[in-house]
Amino acid sequence: MEVKKVGVVGCGLMGAGIAEVCARSGYSVLVLEVNQQFLDKGMASIKSSLDRAVSKGKLSEQERDATVARLRGTLNMGDFEDRDLVIEAVIENMDEKKKVFASLDKACPAHAVLASNTSCLSILEMAMATGRPEQVIGMHFFQPVPVMRMVEIVKTIVCSDETVSTAKSFGESLGKEVIFAKDTPGFLVNRLGFPMMMNAIRILDEGWTTVEELDRAWMLGTNSPMGPFTLMDFAGLDTIYSMACAMFDEFKDRAFAPPPLLKAMVVAGRLGRKSGRGFYDYSK
């Protein structure tokens with residue numbers, strides 16, 4: 001199936017990035033939010049990102065303006081009636097995601113592929129909330145979406161080959177490298193990465209090092225652009241905590257168990273960049 005019109009549910013950190021990349025790749029993009037305030041904030045974030053790309057010489061002013069012209073926001077899911085592919089990018093909560101997919105199933109045309117950007121939750125559970133489970137698939141992008149080159153394509157046991165082919169072609173059209181993963185918690189990247197991040201918190205809590213020193217050690221030792229604490233602050237510690245809980249519940253492996261310090265920071269509202277303080281202080 002050829003994709004021409006794309007929908008994105010959620011215009012937060014991930015949704016805005018996905019919408020931007022789709023629009024930059026020539027697609028007509030419709031972004032849904034729950035209220036006008038969130039929608040305005042998300043659209044402003046996309047435009048700021050495009051402006052930065054222009055200032056760095058990665059995008060011309062004409063390309064920026066054309067990208068903006070392909071973007072449209074809405075508060076009404078019924079407007080997805082003409083979309084070929086819709087990507088869900090809401091909070092990492094299964095109940096909320098199932099509600100979104102049930103609503104998408106009613107709003108979208110029969111041929112539409114429905115995808116989730118979840119980073120660890122079951123795609124099959126979301127699929128079974130619809131009347132078209134064979135057309136539901138995982139498309140896990142990485143933050144920041146305009147920069148990171150990979151997308152994980154997550155196929156369930158009921159997903160059709162046509163849906164997989166559509167998702168693969170679409171991902172590649174965005175300039176992404178496509179990696180296939182099974183529908184298990186954490187998929188590939190997070191199943192590898194979460195034990196490392198949880199262990200970093202344990203090492204810190206045991207007093208062996210500092211946040212700055214461990215981040216620096218990881219970056220220099222692995223040639224990574226950011227360390228585990230910077231990465232967790234960027235993603236949001238509440239998101240990291242819920243993902244760790246989900247993977248521990250599935251695997252019952254201590255490597256995925258969220259340390260008490262992580263839970264304490266979430267309870268205290270120290271969620272990372274978005275709250276102004278996490279492992280680092282961003283208030284200044």
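Bear in mind these aren't lab numbers, they're just calculated from the coordinates by the rules spelled out. Just so we're clear, the structure is a prediction, and the values are computed from it rather than from any experiment. Please note: Cβ atoms are built from the backbone with ideal geometry, for glycine as well, and neighbour counts cover all protein chains shown.
Observations on the model:
- Projected over every direction and averaged, the convex hull enclosing the alpha-carbon atoms of the range 1-136 yields 7.9 nm².
- Residues in the range 260-271 carry Karplus couplings, in order, of x, 4, 5, 4, 4, 5, 5, 4, 7, x, 8, 9 Hz; the curve used is 6.51 cos²θ - 1.76 cosθ + 1.60 with θ = phi - 60°, and Gly or Pro positions show x.
- Close amide H contacts of Arg132 (hydrogens built in the peptide plane, cut-off under 5 Å, sequence separation of 5 or more or a different chain): none are found.
- One Cα centroid belongs to the range 219-240, the other to the range 79-118; the line between them spans 29 Å.
- Label point distance in nm, Met226-Lys284, each placed 7 Å from Cα along Cα→Cβ: 2.0
- Computed over the range 189-275, Kirkwood Rh from alpha-carbon pairs, angstrom: 13.1
- Stokes-Einstein diffusion for the chain at 37 °C, viscosity 0.692 mPa s, with a Kirkwood radius from C-alpha pairs, works out to 168 µm²/s.
- Remark on Gly236: its backbone amide H falls under 5 Å from those of Arg273, a criterion applied only to residues 5 or more positions apart or on other chains, H modelled at 1.01 Å from N.
- With the simple model of a label 7 Å out from the Cα in the direction of the Cβ, Gln36 to Ala255 spans 5.0 nm.
- Put simply, the convex hull of the Cα atoms in the range 1-69 casts, on average, a shadow of 4.7 nm².
- Annotation: amide H-H contacts under 5 Å for Ser116 (H modelled 1.01 Å from N, sequence separation of 5 or more, or interchain): Glu88, Ile137, Gly138, Met139.
- Highest-MSF residue in the chain out of Ala23, Ala102, Ala264 [GNM, Cα springs under 10 Å]: Ala264
- Helix content alone sets the calculated 222 nm mean residue ellipticity of the chain: runs of n ≥ 4 DSSP H residues at -39500 (n - 2.57) each, divided across all residues, give -14500 deg cm²/dmol.
- Whole-Hz Karplus values for the range 214-220 come out as 5, 4, 5, 4, 5, 5, 6 Hz, taken residue by residue from phi with 6.51 cos²θ - 1.76 cosθ + 1.60 and θ = phi - 60°; glycine and proline positions read x.
- Maximal additional length on extending the His111-Asp65 stretch stands at 13.5 nm, based on 0.36 nm per residue less the C-alpha distance.
- Projected over all directions and averaged, the alpha-carbon convex hull of the range 102-220 occupies 9.0 nm².
- Phi-derived couplings, Karplus 6.51 cos²θ - 1.76 cosθ + 1.60 at θ = phi - 60°, listed residue by residue for the range 62-69: 5, 5, 4, 5, 5, 5, 4, 5 Hz, with x used for Gly and Pro.
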